[in-house]
1. Here are the criteria: (1) within 27 Å of VAL101 (Cβ to Cβ); (2) at pLDDT below 95. Tell me which single one ASN31 does not satisfy.
2. Just to verify a result, which residue in the range 21-47, among those that are hydrophobic (A, V, I, L, M, F, W, C) and touching a residue at least 40 places away in the same chain (Cβ under 8 Å), is farthest from TRP78 (Cα to Cα)?
3. Just checking, which of THR74, THR92 is within 11 Å of the chain's Cα centre (by Cα), farther than 18 Å from LEU7 by Cβ and hydroxyl-bearing (Ser, Thr, Tyr)?
4. So, in the range 53-74, exactly how many residues are without any contact (Cβ under 8 Å) to a residue 60 or more places away in the chain, in contact with a Gly (Cβ under 9 Å, 6 or more places away or on another chain) and not small (Gly, Ala, Ser)?
5. Of the residues ARG14, ARG50, ARG18, which single one is under 12 Å from the mean Cα position of the chain (by Cα) and either surrounded by fewer than 13 Cβ atoms within 10 Å (Cβ to Cβ) or touching a residue at least 12 places away in the same chain (Cβ under 8 Å) (or both)?
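The values are calculated or read from the model by the stated rules, or taken from the named source; none is laboratory data. All of these numbers come straight from a predicted model, not from anything done at the bench. Here the Cβ positions follow ideal geometry from the backbone for every residue, glycine too, while neighbour counts run over all protein chains shown.
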Amino acid sequence: MREQVELDTGWSFRFGERGDWQRIRLPHSWNARDGQDGGDDYRRGSGWYRRELPLSAESAGRRAFLEFDGANTTTDVWLNGVHLGQHSGGYTRFRFDVTEVLRPGANDLLVRVDNGENPDGRHFRRTSRSSAGCTEVFACS
């Protein structure tokens, strides 16, 4: 049986390497205003998202995935300090198998979303949404 847990709440965010963490809910955008004001002030760079990911002892050992509905443009994901992988592509769903990294109790989830200039000059889509929501963990028995 498949169990699905929505993770839209409980996130903290900061733009760049320094600064204060702010409590946010997904979906979230750090370009909500500057991306649509017509000015030349579109904020590019790395945004960091973090949250605790609890796992009950009963769910331990089950195959588990962390799924994102999308994040613009390049996303790196770490769980308990282990780099799960990178996804590029803006608004396509992607997932990582977290079975070997997920442990009972509190798990530290860290996500970096980078909307910086692409070196080859391509952009997937210029938009105000930097991180799209409905992040999920689901386990298969």
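1. Status for ASN31: all satisfied but (1).
2. Across the range 21-47, the extreme among qualifying residues is ALA32.
3. Going through THR74, THR92 in turn, just one is within 11 Å of the chain's Cα centre (by Cα), farther than 18 Å from LEU7 by Cβ and hydroxyl-bearing (Ser, Thr, Tyr): THR74.
4. Residues meeting the conditions: 4.
5. Only one candidate passes the filter, namely ARG50.
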